[in-house]
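Remarks on the structure that follows.
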Amino acid sequence: MIQLQNISKRFLSNVVLDGVSLDVQDGETVALLGPSGVGKSVTLKMINGLLKPDSGDVIVDGLHVPKLKRHELAQLRSRIGYVFQYGALFDSDTVAENIRLGITDEDQHRDMAYCAERVKECLRLVNLAPDVAEKYPAELSGGMKKRVGIARAIAGKPKYLLYDEPTSGLDPVNADVIDGLIERLRDELGVTSVVVSHDVRGSFRVADRVALLWQAKIRAVGTAEEILASRDTAVQQFLERDLEMSLIQAEGNQERHGA
Amino acid sequence: MRVTEQIDALESLGRSPITHLLLPRIIAGILVIPALTMFANATGILVGYLTAKGSLGLTYADFEYGARYFFRPLDLWYSLIKSYCFAGAVTLIPCYIGYNTQQGAEGVGRATTTAVVSASVTILLLDALTTKLLLGVK
């Protein structure tokens, strides 16, 4: 279980999070929605200890993350898969080597036969052909890089998966593929997931619950139906803005196809 | 790597960026730069011989005699010690600054400039210091 308890964070004079609390139950997928720059990625980085809150507590698996020592944090992180916004792949390593980095158990990491099998299995789970393993990140499309990033995150068989904007920068077709993948991994692996996104439609599709982060606070938490039925002005404003963006994108797509 | 989150990726995988990223670069620099310096010393002697032979008509025996006559082992040690100091400066300083880069592409540009300037100034200072310590020049 992941618990954020009254966490606050500021960078210089900019208050990014102000008393944010959220619980994510085991096996649950929660989407953290909100406009750009509102602190969604900061929240995610606090869950695996990449950032520390100024105040409040982050509890994962019963462990108080900000108080963990370096080796304890490394142990906890081996149970948390993190999918970075732009993949964060190592350009000088092949896809197979990148995925192998995700095998956090040292004995398994040294076992080359196990690693080869695990890389193949992870590529299958993210719908990539086995021959992709020998390619370099520069040879992959944006969508493929994201999927390799997901493959690396699941290679260590984590209990928790954190997705940082998994569909940003992708066209609608590829975004749908990634959303489908998140759903599939949730069903096949039974992991507890937190998905940070500003894509309302995708979040409603993949998440059991959605939390809206607005002006440094959690403004609403609930199922997709509850969020859509919310009378909160901030929630309505955010949803309307997303709808407008969708219409603009759809018009753009129509114009491109018509031209 | 900081800006494109690869360092965060290593940390989130429970791996140390220092052993995975920084240490190989520092070890490579400290091994290769002195080796390159020795190679440059050898090339200098060879080119010196070829120039002496081409322009002055010196024989190999004359050149060898002169080279041995003026040779001081301290010169070799001096260049080796200096190269280790410089190797430390050109690997450690940029690695430290790069590792702590922040604020996106602008931060990378600033960090690159800072790294080059800091390493260059440190080399000048180390050059003065090693000259003073090893050769006793006032």
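The values are calculated or read from the model by the stated rules, or taken from the named source; none is laboratory data. Everything quoted here is computed from the prediction, not taken from an experiment. Quick reminder, even Gly has a Cβ in these numbers, built from the backbone with ideal geometry, and neighbours come from all protein chains shown.
Considering only residues that are within 30 Å of residue A:240 (Cβ to Cβ), within 14 Å of chain B (Cβ to nearest Cβ) and over 11 Å from the mean Cα position of the chain (by Cα), which ones fall in region A:37-77?
A:37, A:42, A:46, A:47
Restricted to region A:98-157, and to residues that are loosely packed, with under 15 Cβ neighbours inside 10 Å and of a type in the set (A, V, I, L, M, F, W, C), which residue is nearest to the other protein chains (Cβ to nearest Cβ)?
Filtering region A:98-157 for residues that are loosely packed, with under 15 Cβ neighbours inside 10 Å and of a type in the set (A, V, I, L, M, F, W, C), the one nearest to the other protein chains (Cβ to nearest Cβ) comes out as A:138.
Suppose the filter is within 14 Å of another protein chain (Cβ to nearest Cβ), touching a helix residue (DSSP H, G or I) at 6+ places or on another chain (Cβ under 9 Å) and either farther than 22 Å from residue B:116 by Cα or surrounded by 12 or more Cβ atoms within 10 Å (Cβ to Cβ) (or both); does residue B:83 pass it?
no
Restricting to region A:179-219, and then to whatever is in contact with a helix residue (DSSP H, G or I) (Cβ under 6 Å, 6 or more places away or on another chain) and outside any strand (DSSP E or B), can you tell me which residue is nearest to residue A:158 (Cα to Cα)?
Here the residue is A:182.
Select from region B:1-41 the residues that are at pLDDT 90 or above and within 14 Å of chain A (Cβ to nearest Cβ) and write down the one among them that is surrounded by the most Cβ atoms within 10 Å (Cβ to Cβ).
So, considering only residues that are at pLDDT 90 or above and within 14 Å of chain A (Cβ to nearest Cβ), the one surrounded by the most Cβ atoms within 10 Å (Cβ to Cβ) is B:25.
Criterion first (within 9 Å of chain B (Cβ to nearest Cβ) and of a type in the set (Val, Ile, Thr)) does residue A:80 satisfy it?
yes
Against the condition at pLDDT 90 or above and assigned to a helix (DSSP H, G or I), how does residue B:44 come out, does it pass?
It is true that residue B:44 is at pLDDT 90 or above and assigned to a helix (DSSP H, G or I).
Which one of these is in the same structural domain as residue A:179 (by TED's automatic domain parsing), surrounded by fewer than 23 Cβ atoms within 10 Å (Cβ to Cβ) and closer than 20 Å to residue B:17 by Cβ: A:63, A:73, A:44?
Criteria check complete, one pass: A:73.
Suppose we filter B:70, B:63 for residues that are more than 27 Å from residue A:83 (Cα to Cα) and either of a type in the set (D, E, K, R) or in contact with a Phe, Trp or Tyr (Cβ under 6 Å, 6 or more places away or on another chain) (or both); which single one remains?
None of the other options fit; the residue is B:63.
Can you find a residue that is under 17 Å from residue A:150 (Cβ atoms) and touching a Phe, Trp or Tyr at 6+ places or on another chain (Cβ under 7 Å) anywhere in region A:84-92?
So far as region A:84-92 goes, no, none of its residues is under 17 Å from residue A:150 (Cβ atoms) and touching a Phe, Trp or Tyr at 6+ places or on another chain (Cβ under 7 Å).
Here's the yes/no breakdown for (1) of a type in the set (D, E, K, R); (2) farther than 27 Å from residue B:131 by Cα; (3) in contact (Cβ under 8 Å) with a residue 60 or more places away in the chain; (4) surrounded by 12 or more Cβ atoms within 10 Å (Cβ to Cβ):
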{"position": "B:44", "(1), (2), (3), (4)": "no, no, no, no"}
{"position": "B:49", "(1), (2), (3), (4)": "no, no, no, yes"}
{"position": "B:53", "(1), (2), (3), (4)": "yes, yes, no, yes"}
{"position": "B:72", "(1), (2), (3), (4)": "yes, no, no, no"}
{"position": "B:93", "(1), (2), (3), (4)": "no, no, no, yes"}
{"position": "B:106", "(1), (2), (3), (4)": "yes, yes, no, no"}
